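Here's the structure we're looking at; comments come further down.
Read the figures in this text as sums done on the coordinates, not as results from a lab. This is a predicted model, so every value here is computed, not measured. Note that each Cβ is placed from the backbone with ideal geometry, even for glycine, and that neighbours are counted across all protein chains shown.
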Amino acid sequence: MSGGGIVAGQYTWLPVSTAVQQLGQRLNVVPSATTLWTPAELQIYITTALRQFNSLTWTWRQDFQYNDPSNLWNSLGSLPGSPRLRTITDVDCYTEMQMMLLEPPSGGIWTGTNQFSISVMSQALQRRRDEIIQITNCNQQLLPNIPLTPNTIRTELPDNVIDVERVRYIPGGQLSGGYGTGGYGEGGYGVGNFTGGPSPVTLYRDDTISQEFYEAPLYQLQPGTPQTFSLSSEPPLSWQVDIPPDQPGTYEAIVLQSGAPFNPPTPTLIGLPDDLVWVLIWGALADLLGQESEAKDAERSAYALKRYQNGLQLMMKSPWIMLGKVNGVAVSLDSIVATDRYSPEWDSNPSGFGPVIVVGGQDFIGAPVGQGIGLTVLGNAPIVDSNGNVQVSRSDWDAVLDIAQARSLFKCGGAEFKAALELEKRAILACMAENTRLKSQGCFSDILDQRGNQQERDANRYNNANKGK
């Protein structure tokens with residue numbers, strides 16, 4: 001209940017202009033177009049600090065509802081109205097990085113010194129972006145209508161595929177309704193009705209040694225219906241099935257894809273969660289300041305690399321999804337691995353399975369088609385409201401200012417920047433305390449915060465090495 005002119009769910013006490021002024025006071029400047037820090041620059045640092053604060057404290061939990069009449073699989077990073085919509089572009093990153101390197105903030109067009117160039121900056125950003133995607137599994141997509149050749153066991157993939165999570169064999173006919181047309185990877189993520197031929201088969205992930213032991217004679221099995229696929233001994237950008245398909249058809253696969261190529265000055269979506277793009281910027285800065293040129297600054301490069309590595313660990317623990325409902329009824333959140341294991345061929349009934357929300361990598365979910373889906377997620381930090389008020393509590397503003405001040409002083413280097421590291425340390429400790437306070441509000445908060453990582457745990461992407469599993 002709200003009253004007395006207070007807007008429910010919004011902070012109205014801190015205008016953007018006041019926030020910029022307070023950060024300027026900490027830096028001992030009155031921000032203007034001619035000072036070391038301009039008002040626009042300080043506002044960017046405050047924005048990044050708010051996003052970093054949310055990624056550390058997990059404050060902005062939000063409810064989200066949607067009803068998709070055709071698509072089973074969706075990404076919360078692109079679903080209209082999603083609190084986790086991915087909006088930051090490479091040009092936004094270039095601008096902030098240019099400010100932090102004492103270069104003119106010209107976005108996707110380079111107007112600065114010979115130490116850097118927009119090409120070098122773009123390449124560093126793209127390399128680190130794709131590394132983040134691989135480590136954190138945050139850009140899963142459904143590739144439908146992948147062509148297969150009957151009587152062959154090997155399937156080749158395009159070079160933007162990083163990893164293959166799941167493969168489904170579609171014999172004879174095709175799945176219709178929401179898959180798109182033409183080359184695979186086009187169109188929506190929907191699962192429609194199967195038309196013609198035997199039923200689809202979800203392939204169990206296996207490896208060649210298991211096939212040698214249990215499916216002898218390997219490579220001499222008669223064509224039929226494949227049951228497993230393997231990646232462990234195959235070349236990159238391919239998988240292999242145990243039994244060669246005996247008829248025409250297609251595969252569909254859930255894959256981890258690299259992000260879209262950058263082409264400055266044209267803005268391109270980064271393709272990472274907005275509140276964690278600061279991690280990417282640190283990674284790119286580590287590369288830029290570590291190159292063997294007049295731009296080399298080993299000390300700041302090492303610092304940026306450390307922040308990048310810390311950020312990667314943070315991303316892998318992010319509680320991006322917490323609760324789910326189907327038509328207003330609470331349902332379980334289960335990983336792709338667990339759902340395939342305990343409810344085989346569940347997606348052959350796209351509107352009637354479960355009810356359950358199937359969770360993949362970060363922001364990738366499967367939910368019953370044409371049903372009312374409700375989610376509680378960790379939303380993007382809202383930054384400012386429609387009246388220009390910064391969205392932060394009074395008790396947290398000091399920690400946000402500390403983060404923004406430390407980031408502002410990166411451009412100075414030397415003793416000034418080293419002194420600012422104490423501010424950053426203080427801010428991180430404050431974020432840890434706030435995170436602990438929020439967790440203590442529920443008896444089972446630890447379970448709530450782990451739900452988004454179920455697929456990583458069940459698929460064991462980084463935990464099987466040298467364990468004989």
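At-a-glance table
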{"item": "Across Lys325/Lys439; Lys306/Lys411; Lys306/Lys425; Lys317/Lys411, pairs whose alpha-carbon gap is larger than 20 Å", "result": "Lys325/Lys439; Lys317/Lys411"}
{"item": "Two-decimal ratio, region 5-151, of alpha-carbon radius of gyration to 2.2 N^0.38 Å", "result": "1.41"}
{"item": "Val164 long-range amide H proximity, modeled H, under 5 Å", "result": "Leu256"}
{"item": "Cα centroid of region 279-315 to Cα centroid of region 325-387, whole Å", "result": "36"}
{"item": "5 Å-binned pair-distance histogram of region 198-238 (Cα, whole percent)", "result": "6, 20, 26, 28, 15, 5, 0"}
{"item": "Alpha-carbon radius of gyration plus Dmax, which is the widest Cα pair, for region 229-351 in Å", "result": "21.5, 61"}
{"item": "On Cα atoms only, tilt of 397-408 relative to the major axis of the chain in degrees", "result": "90"}
{"item": "Translational diffusion coefficient (Stokes-Einstein; Kirkwood radius from C-alpha pairs) of the chain at 37 °C, 0.692 mPa s, in µm²/s", "result": "135"}
{"item": "Semi-axes of the equivalent ellipsoid for region 312-466, Cα gyration tensor, largest first, Å", "result": "38, 20, 14"}
{"item": "Under the Karplus curve 6.51 cos²θ - 1.76 cosθ + 1.60, θ = phi - 60°, whole-Hz ³J(HN,Hα) for region 320-332, x wherever Gly or Pro sits", "result": "5, 9, 10, 9, x, 9, 10, 6, x, 9, 4, 10, 6"}
{"item": "³J(HN,Hα) computed for each position of region 23-28 - Karplus, 6.51 cos²θ - 1.76 cosθ + 1.60, integer Hz, glycine/proline x", "result": "5, x, 4, 5, 8, 6"}
{"item": "Theoretical ellipticity at 222 nm over the chain - DSSP helices of four or more residues, -39500 (n - 2.57) apiece, nearest 500", "result": "-10500 deg cm²/dmol"}
{"item": "Alpha-carbon Rg/Rh ratio, for region 192-269, with Rh computed the Kirkwood way", "result": "1.13"}
{"item": "Kirkwood hydrodynamic radius (C-alpha pairs) into Stokes-Einstein, region 70-119, 20 °C and 1.002 mPa s, D in µm²/s", "result": "165"}
{"item": "Separation of alpha-carbon centers, region 112-137 and region 28-76, rounded to whole Å", "result": "20"}
{"item": "Burial order of peptide ranges 89-102, 25-38 (average beta-carbon count within 10 Å, highest first)", "result": "89-102, 25-38"}
{"item": "Test item: Cα-centred dipole of the chain, Lys/Arg +1 and Asp/Glu -1 on Cβ, debye", "result": "1080"}
{"item": "Percent of beta bridges antiparallel (DSSP, the chain, rounded to nearest 5)", "result": "90"}
